[in-house]
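Below: the structure, in structure tokens.
The values are calculated or read from the model by the stated rules, or taken from the named source; none is laboratory data. It should be emphasised that the depicted structure is a prediction, and the values quoted were computed from it without experimental measurement. Backbone-built Cβ (ideal geometry, glycine too); neighbour counts: all protein chains shown. Side chains are part of the model used for accessible areas, which takes the heavy atoms of the whole protein and leaves out ligands, DNA and RNA. Shrake-Rupley method; radii C 1.70, N 1.55, O 1.52, S 1.80 Å.
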Amino acid sequence: MVEGEVLLQLGGTDEPERAFGALKHIHLLSIDRGGRKFKPGEQSGGRAHLRGVNLKPQGGVMRTVRALVAGIIVTLLAAQPALACGGLVAPDGAVNLGRTTTLAAYHEGVEHYVTSFEFSGGGSEFGSIVPLPGVPTDVVKGGDWTLQRLILETQPVERTSLFNAVAEDAPAGQSATVLQEHKVKALDITILEGGGDAVGRWAGEHGFQLSPDAPEVLDFYASRSPIFMAVRFNLDRARKLGVDLGDGTPIHLSIPTPNPWVPLRILGLGAGPRERIEADVFLLTDERPNLLPLPGFAKALKLDYSEAASDLLLADLRSDKGMKWMPKSDMWLSKIVVDGTASELSHDLAIDPTGRVTPSAVAAGLLDVIPELPPVGDETQQWWAWTIVLMLGAVVWRLANRFIGSAS
Amino acid sequence: MRGRLFLALGLLALFGAGCRQAEAGAPVIAIEIEHSRFDPAAIRVEAGSTVTFVVHNGDPIAHEFLIGDAAAQRRHETGTEPEHGARPGELSIPPGETRITSYTFPSDGRLLVGCHLPRHYDYGMRGTITIR
Ligand SMILES: [Cu+2]
């Protein structure tokens with residue numbers, strides 16, 4: 001899944017023909033306090049599948065049903081806190097922090113990462129850079145209600161009454177290498193490969209203005225995966241497409257990777273060390289996953305939901321755009337609530353989707369990349385063994401300081 | 001850019017100040033900027049000396065190197081000057097580049113050095129200069 005997102009200010013003034021609107025990047029989906037993000041008009045290409053009834057778009061009745069479903073979801077979400085992006089840096093240096101939501105689903109070796117970018121108007125200019133665990137094979141517009149549906153799933157009390165009502169009422173390098181460029185609605189998306197320095201320079205040359213912590217954070221990610229996604233709104237296209245203030249554009253990335261992880265540290269980009277970072281991270285895996293760091297052990301993480309995903313949920317998600325890859329049954333749904341200061345969130349979230357082994361400490365951002373061991377018999381082997389022992393000792397020491405120390 | 005780098009390297013060779021340690025009385029002090037921090041961040045200079053600072057920005061973002069007392073740092077924090085370089089002890093350094101400035105210190109006291117691009121000073125981009 002994943003993703004982290006980093007919002008970076010765009011200095012678009014030197015590129016008048018490419019003025020940018022403000023961009024809010026939300027993992028998976030963005031909802032404002034008014035809950036108006038989920039517009040019925042955006043549902044026309046999708047299908048709703050509620051309570052086992054497959055709702056196919058077949059004319060006026062089905063449009064009415066979809067509008068009802070969307071309306072119910074909007075109503076349910078109206079009470080939610082604002083889902084904004086972390087690390088939104090304004091021109092005056094202020095940081096706009098809000099709650100973010102992300103889905104990372106892992107199936108058959110592919111991490112499906114869904115996130116949403118919200119158009120917040122043209123007053124200030126923002127871009128976003130998201131570290132990725134690998135090179136995506138697909139970057140497309142995401143489904144319309146996947147994130148909202150997951151939020152509802154983990155709030156069973158509210159969901160039950162209102163969803164029942166619906167179901168009953170309706171029939172249910174030096175320089176970074178540009179690997180890929182995509183246009184999704186009004187978003188210009190660039191997939192980059194390079195070290196932290198190269199990606200930072202590319203961003204600067206393309207109108208992004210990075211916050212002072214960006215060099216360290218970009219290096220932190222680049223040492224594990226040199227793949228980044230840079231996103232910005234194209235204001236001209238937004239106008240032509242009729243994108244309104246607050247409209248969210250969900251993005252769905254398919255990323256083959258043996259080591260799925262979700263970037264969390266990036267959420268604190270641009271924030272002060274004591275500023276609070278809040279996010280909801282949904283995970284869908286074939287088995288009950290092992291996580292690192294362990295929620296609860298890491299002060300900023302809490303495992304808020306962990307149950308077998310219902311067939312109904314999976315059917316609903318499968319009915320959304322681009323979600324057919326998802327199995328019809330046998331998936332595990334986890335919800336991790338991120339709530340801590342930026343300084344506590346100095347790590348990411350590594351996932352072992354099999355539930356059989358401990359996730360990679362490197363993928364979790366707790367350990368620097370391990371150098372390759374020389375072949376057996378090498379005369380330096382003993383030296384390497386001692387190096388590894390010392391490194392492991394350092395990791396234990398770091399973990400103890402981070403978690404035990406921060407909990408005291 | 002390259003010319004300035006060679007100049008900086010030449011100065012370093014000339015004065016034998018290849019190390020990044022700030023030394024009392026050294027006429028040339030090399031400052032490295034990485035991850036929005038000065039290294040070294042604590043500098044000692046001799047009273048009344050003129051010191052040449054060779055400042056390399058190893059970050060992919062722009063930084064500043066501004067010497068002054070606390071009042072001067074406050075002025076810079078709210079100032080609007082887009083570029084520094086004309087006055088002694090003040091530099092704007094683009095990503096990956098090296099800039100040089102000289103500054104003559106008073107007979108005693110303590111000065112500060114800082115970067116005042118938005119949020120940089122608060123983030124920790126500051127240091128001290130002790131005159132003795
Ligand atoms: Cu700076």
If you filter the range A:268-304 for GluC sites (Glu not before Pro), then keep DSSP loop positions with at most 12 other Cβ within 10 Å, what is left? none
Whole-Hz Karplus couplings 3J(HN,Hα) for the range A:103-118, θ = phi - 60° and coefficients 6.51, -1.76, 1.60, Gly and Pro as x, run 10, 10, 10, 10, 8, 6, x, 10, 8, 9, 10, 10, 8, 9, 10, 9
Using a 1.4 angstrom probe and counting only protein chains, how large is the accessible area of B:Y123 in Å², to 10? 60
Can you tell me what the convex hull of the Cα atoms of the range B:23-132 projects to on average, as an area in nm²? 5.8
Give the separation of the Cα centroids, the range A:232-310 to the range B:107-132, in Å. 37
Cut-off 11 Å, label 7 Å out along Cα→Cβ of A:K328, residues of the range A:285-321 by amide N: A:315
Members of the range B:99-122 that become less accessible by 30 Å² or more once partner protein chains are added (1.4 angstrom probe, chain alone as reference): B:P118, B:R119
Within the range A:193-240, report the trypsin sites (Lys or Arg not before Pro) that DSSP leaves as loop and that have at most 13 other Cβ atoms within 10 Å. none
From the backbone phi of the range A:182-194, what are the Karplus-calculated ³J(HN,Hα) couplings (6.51 cos²θ - 1.76 cosθ + 1.60, θ = phi - 60°) in whole Hz, Gly and Pro given as x? 10, 10, 10, 6, 8, 8, 9, 10, 10, 9, 10, 10, x
Accessible area buried between chains A and B, both sides summed, probe 1.4 Å, in Å² to nearest 100: 1200
For the range B:35-56, residues shielded by at least 20 square angstrom of accessible area compared with the chain on its own, probe 1.4 Å: B:H35
Please work out the Cα center distance from the range A:191-218 to the range B:51-82, rounded to the nearest Å. 21
Calculate one ³J(HN,Hα) per residue across the range A:304-320 by plugging θ = phi - 60° into the Karplus curve 6.51 cos²θ - 1.76 cosθ + 1.60, and present them in order as whole Hz with x for glycine and proline. 8, 7, 7, 8, 4, 5, 6, 4, 5, 4, 5, 5, 4, 5, 4, 7, 7
Could you name every residue in the range B:57-75 that has 20 Å² or more less accessible surface in the full protein assembly than in its own chain alone (probe 1.4 Å, ligands and nucleic acids excluded)? B:P60, B:I61
